[in-house]
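Reading through the structure tokens given below for one structure.
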Amino acid sequence: MRIFRILLTYEWLNFRKDRGLQLLTVLTLVAGLYGIYYGTTEVERQRNNIEALDLLTEQNVEEMKEKFPGEADAGDIGYYHSTFAVHHPDSWAGLSLGQRDVNPFYIKLRLLNLQSQLYDTENVNPLKVLAGNFDLAFVLVYLFPLLIIALSFNILSVEKEQGTLPLLLSQPVSLPLMVGAKLSFRLLLVLGLALLLSVVAMVWARVSPDARVTLWLAVVVLYCLFWFGVAFLVAALQKNSAFNAISLLGIWLLLAIVIPALLNVYVSVKQPVPQALALTIKQREVVHGGWDKPKQETLQQFFARYPQYTDTTEIKERFVWRWYYAFHQLGDMAVEDLASDYLHSLQARYDMVQQLNVLSVPVNVQGIFNAVAASDLPAHLGFLQSATDYHTSLREFYYPFLFNQVPFTHADFAVEPRHSFTASPDYGVGLNGIFKLGISVLLVYVVGLLLFRARSAT
Amino acid sequence: MEIVLEAKQLKKQYQDKLALKGLDLQLQAGEIFCLLGQNGAGKSTTINLFLGFIKPTAGAAFINGLEVATNVTKVKEYLAYIPENVMLYPNLTGLENLALFSRLAGFDYKKEELMQYLVEAGLPAEAAARRVGAYSKGMRQKVGIAIAVAKHAKVLLLDEPTSGLDPKASNEFSELLLRLSKAGTGIFMATHDIFRAKEVGTRVGIMREGELVDLLATSDLNANELEKLYLNYMH
């Protein structure tokens, strides 16, 4: 233990004198702080936008009251009045934005058909999507391995190459102890940095202090251990520094870029997802076709779903709102299977990635972070379901006015349903991911130790 | 006298080459043994076996009565080593390098004591606080000598230790070896330098193709005779 402490002390002394490594460490720290700033700023922007939506809704209500000063036909209100389904970011989303930048965090809804509104939400700058997120999760998952590689690629080889190994091993120091001390120093440094950034992010983002604090920190520790294990495994081959650096960068490239890209292609082929556009087009055809169909035929189909509004009176007028909303409803009903297929296919694709992420530790860890921050695909699908339910509740609110022909008064705005949704963290994905991560860590160290022993014996 | 270094039928086979053919040798405390031989004769292999850097194919090496192969780390407490080309941590100063190796050896010296070891080894005092990366080979060699001396080991293993030293420094090194020998350190030195071997050695061994072909007491012959004998074996 005394020797171990001495080696640690001198590793620190060496680090203090190595400007290159210090610069790299500072750059990683700055990147981490920027990641925290980027993530929390993006979440703050989304929160501000969501807050503004409440005002927009209130303004819209005031406009409606002005446009329809007395009692109004609920059909007019349902047509002109809009509200919003909103997906509030979890307090952890600032640490891992996940899909919150590509998927809409609010949907403007009217009483019209739902499906065309669900996917009519292009509010993303595609150039920004191409560049991706620079949040803390990105820094930890993709940049920290590079820092670990830079710090550890030559832990053993540099001693051989600079010729210090014979003199060092002529002291009562064993080779495993020396490698262990060097790895431990670097591990302490990197873990210190990663945990510091995580804690700063948690404080900065004012996350809810629940079990996720432990889960996040455990993932950070295990992930750093994994990459140090990879560095140890390569060092155990006892090759030169150039070989080690190229091998480690190759492994990083494989795990962080190539395998995720191949996984994406494989999953897209194995689990195709029907386009939301096809669904929207079919739904539009049904809705537009509604104008040309006999009104009674439309209403008969509608009453089959809503028997409580059954009315055998023939509509003589050229246009009535209840008929209009009925064929909008039929538009949604015509694509129910397609909509369900679409959502299930997305979920199935996600499930497939969850099974295959054992092939890439960075993909697994990114998945854990997103699940913990409730910013993954299931969170978005949960929001879509919640928005769908909200639209149903709007229909249930307005249909009695429409089909019972009750006038809509200003007081009724106050009891109109409002929407709010915050996804829950997926602890199942988190714990399952941590289990896989633990196995990966164990695997690299066991293989590394076996290689180290085999090479030392020869 | 106490035997501090011993080889018993020590053999080392490298794939198709037998580098050391059953070496039998004993070194007593205070004795200086010089091993002469051409490049590839097996001198460095012998030293590496005593250091535990390589494992013997057969036989055993002992340091202070402990078998090296089974006590690789423990025997390092009793020996110090100066390689042909001392390489140190380039980012650290000479003083810091000496402090590191001394601490690893179990000696926590004060700065003044470390400085004294360095100056005694011939390193200018003003160089001690400079980064080793800027040192010449001779300066590094002197730090290596200071590291070995500061360890107060029972056995000193030297592999061409004066390589890179100027004649004055080489002479001072010889005097240092004699002082250590008087203090009871057993010294095992592999060298090409016949005259220095004759000057400081108690005994001289001549090694050829992994075999100790002759073993002489330096008191029995002069430098010219030793050179003649050595050259005869080499041809």
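Considering every residue within segment A:57-75, establish whether at least one is crowded, with 20+ Cβ neighbours inside 10 Å, of a type in the set (Gly, Ala, Ser) and in contact with a Leu (Cβ under 9 Å, 6 or more places away or on another chain). Yes, segment A:57-75 contains a residue that is crowded, with 20+ Cβ neighbours inside 10 Å, of a type in the set (Gly, Ala, Ser) and in contact with a Leu (Cβ under 9 Å, 6 or more places away or on another chain). Yes or no: segment A:192-207 includes at least one residue that is farther than 20 Å from A:Leu8 by Cα, open to solvent by 40 Å² or more (accessible area, probe 1.4 Å) and assigned to a loop (DSSP other than H, G, I, E, B). The answer is yes; a qualifying residue exists. Go through the residues of segment B:166-185 one by one and say whether even a single one is touching a Cys at 6+ places or on another chain (Cβ under 9 Å), under 30 Å from B:Asp108 (Cβ atoms) and not basic (Lys, Arg). No, there is no match, as no residue in segment B:166-185 is touching a Cys at 6+ places or on another chain (Cβ under 9 Å), under 30 Å from B:Asp108 (Cβ atoms) and not basic (Lys, Arg).
State all residues of segment A:1-46 that are among the charged types (D, E, K, R), more than 10 Å from chain B (Cβ to nearest Cβ) and exposed (fewer than 15 other Cβ atoms within 10 Å of the Cβ); if no residue qualifies, say none. Answer for segment A:1-46, where residues must be among the charged types (D, E, K, R), more than 10 Å from chain B (Cβ to nearest Cβ) and exposed (fewer than 15 other Cβ atoms within 10 Å of the Cβ): A:Glu44, A:Arg45.
Remark: pairs (first residue in segment B:71-98, facing chain A (nearest Cβ under 9 Å) and over 27 Å from A:Trp12 (Cβ atoms); second residue part of a helix (DSSP H, G or I) and of a type in the set (Gly, Ala, Ser); Cβ separation under 7 Å; 6+ apart in sequence or on different chains) = B:Ile82/B:Gly144; B:Ile82/B:Ala148.
Do we find that A:Gln296 is open to solvent by less than 80 Å² (accessible area, probe 1.4 Å), in a helix (DSSP H, G or I) and touching a helix residue (DSSP H, G or I) at 6+ places or on another chain (Cβ under 9 Å) in this structure? First the steps, then the outcome.
On the way: open to solvent by less than 80 Å² (accessible area, probe 1.4 Å): yes; in a helix (DSSP H, G or I): yes; touching a helix residue (DSSP H, G or I) at 6+ places or on another chain (Cβ under 9 Å): no.
Taking the combined requirement at face value, the residue does not satisfy it.
Taken over segment A:411-423, the criterion of being more than 12 Å from A:Ala387 (Cα to Cα) and open to solvent by 60 Å² or more (accessible area, probe 1.4 Å) is satisfied by A:Ala411, A:Ala414, A:Val415.
Does at least one position in segment A:25-37 carry a residue that is part of a helix (DSSP H, G or I) and in contact with an Asp or Glu (Cβ under 6 Å, 6 or more places away or on another chain)? If you could, list the steps in order and put the result at the bottom.
Residues of segment A:25-37 part of a helix (DSSP H, G or I): A:25-37.
Narrowing further to those that are in contact with an Asp or Glu (Cβ under 6 Å, 6 or more places away or on another chain): A:35.
Scanning segment A:25-37 turns up at least one residue that is part of a helix (DSSP H, G or I) and in contact with an Asp or Glu (Cβ under 6 Å, 6 or more places away or on another chain).
Report yes if B:Gly37 is open to solvent by less than 10 Å² (accessible area, probe 1.4 Å) and either closer than 16 Å to B:Leu156 by Cα or in contact with a helix residue (DSSP H, G or I) (Cβ under 7 Å, 6 or more places away or on another chain) (or both), otherwise no. Judged against the criteria, B:Gly37 is a match.
Is it true that A:Gly180 is out of contact with any Gly (no Cβ under 8 Å at 6 or more places or on another chain), farther than 22 Å from A:Gln22 by Cβ, part of a helix (DSSP H, G or I) and within 14 Å of chain B (Cβ to nearest Cβ)?
Working: out of contact with any Gly (no Cβ under 8 Å at 6 or more places or on another chain): yes; farther than 22 Å from A:Gln22 by Cβ: yes; part of a helix (DSSP H, G or I): yes; within 14 Å of chain B (Cβ to nearest Cβ): yes.
Against the criterion (out of contact with any Gly (no Cβ under 8 Å at 6 or more places or on another chain), farther than 22 Å from A:Gln22 by Cβ, part of a helix (DSSP H, G or I) and within 14 Å of chain B (Cβ to nearest Cβ)), A:Gly180 qualifies.
When the residues of segment A:10-21 are narrowed to those that are out of contact with any helix residue (DSSP H, G or I) (no Cβ under 7 Å at 6 or more places or on another chain) and of a type outside the set (Lys, Arg), which ends up farthest from A:Phe84 (Cα to Cα)?
Restricting attention to segment A:10-21, the residues satisfying the condition of being out of contact with any helix residue (DSSP H, G or I) (no Cβ under 7 Å at 6 or more places or on another chain) are A:14, A:16-20.
Retained after the next criterion (residues that are of a type outside the set (Lys, Arg)): A:14, A:18, A:20.
On the way: A:Asn14: 58, A:Asp18: 56, A:Gly20: 52 Å.
Filtering segment A:10-21 for residues that are out of contact with any helix residue (DSSP H, G or I) (no Cβ under 7 Å at 6 or more places or on another chain) and of a type outside the set (Lys, Arg), the one farthest from A:Phe84 (Cα to Cα) comes out as A:Asn14.
Might you let me know whether segment A:164-172 holds any residue that is in contact with a Ser or Thr (Cβ under 7 Å, 6 or more places away or on another chain), outside any loop (DSSP other than H, G, I, E, B) and either away from chain B (no Cβ under 14 Å) or within 28 Å of B:Leu104 (Cα to Cα) (or both)? No: zero hits.
Would you confirm, using the coordinates I've provided, whether A:Ser82 is touching a Gly at 6+ places or on another chain (Cβ under 8 Å) and either open to solvent by less than 60 Å² (accessible area, probe 1.4 Å) or β-branched (Val, Ile, Thr) (or both)?
On the way: touching a Gly at 6+ places or on another chain (Cβ under 8 Å): no; either open to solvent by less than 60 Å² (accessible area, probe 1.4 Å) or β-branched (Val, Ile, Thr) (or both): yes.
Spelling it out, it is not the case that A:Ser82 is touching a Gly at 6+ places or on another chain (Cβ under 8 Å) and either open to solvent by less than 60 Å² (accessible area, probe 1.4 Å) or β-branched (Val, Ile, Thr) (or both).
Every listed requirement among (1) of a type outside the set (D, E, K, R); (2) surrounded by 11 or more Cβ atoms within 10 Å (Cβ to Cβ); (3) more than 25 Å from A:Phe408 (Cβ to Cβ); (4) at pLDDT below 90 is met by A:Tyr309 save one, (3).
Please go through (1) open to solvent by less than 30 Å² (accessible area, probe 1.4 Å); (2) within 14 Å of another protein chain (Cβ to nearest Cβ) for B:Leu118 and return the number of the only condition it doesn't satisfy. Going through (1) open to solvent by less than 30 Å² (accessible area, probe 1.4 Å); (2) within 14 Å of another protein chain (Cβ to nearest Cβ) one by one, B:Leu118 breaks only (2).
A residue that is under 25 Å from A:Glu51 (Cβ atoms), at pLDDT below 85, open to solvent by 30 Å² or more (accessible area, probe 1.4 Å) and not in a helix (DSSP H, G or I) cannot be found anywhere in segment A:106-115.
Quick check on segment A:229-241. Is at least one of its residues outside any helix (DSSP H, G or I) and either within 19 Å of the chain's Cα centre (by Cα) or within 14 Å of chain B (Cβ to nearest Cβ) (or both)? Scanning segment A:229-241, I find at least one residue that is outside any helix (DSSP H, G or I) and either within 19 Å of the chain's Cα centre (by Cα) or within 14 Å of chain B (Cβ to nearest Cβ) (or both), so the answer is yes.
If I ask for residues that are under 15 Å from A:Leu33 (Cβ atoms) and within 21 Å of the chain's Cα centre (by Cα), which ones from segment A:196-207 would you list? Lay out the reasoning, then the answer.
First pass over segment A:196-207, keeping only residues under 15 Å from A:Leu33 (Cβ atoms): A:196-205.
Those that are under 15 Å from A:Leu33 (Cβ atoms) and within 21 Å of the chain's Cα centre (by Cα): A:Leu197, A:Ser198, A:Val199, A:Val200, A:Ala201, A:Met202, A:Val203, A:Trp204, A:Ala205.
The values are calculated or read from the model by the stated rules, or taken from the named source; none is laboratory data. Fair warning: this is a prediction, and the values are worked out from it, not measured in the lab. Neighbour counts are summed over all protein chains in view; Cβ atoms, including those assigned to glycine, are modelled from backbone coordinates with ideal geometry. Accessible surface areas use protein heavy atoms only, side chains included; no ligands, DNA or RNA. Shrake-Rupley method; radii C 1.70, N 1.55, O 1.52, S 1.80 Å.
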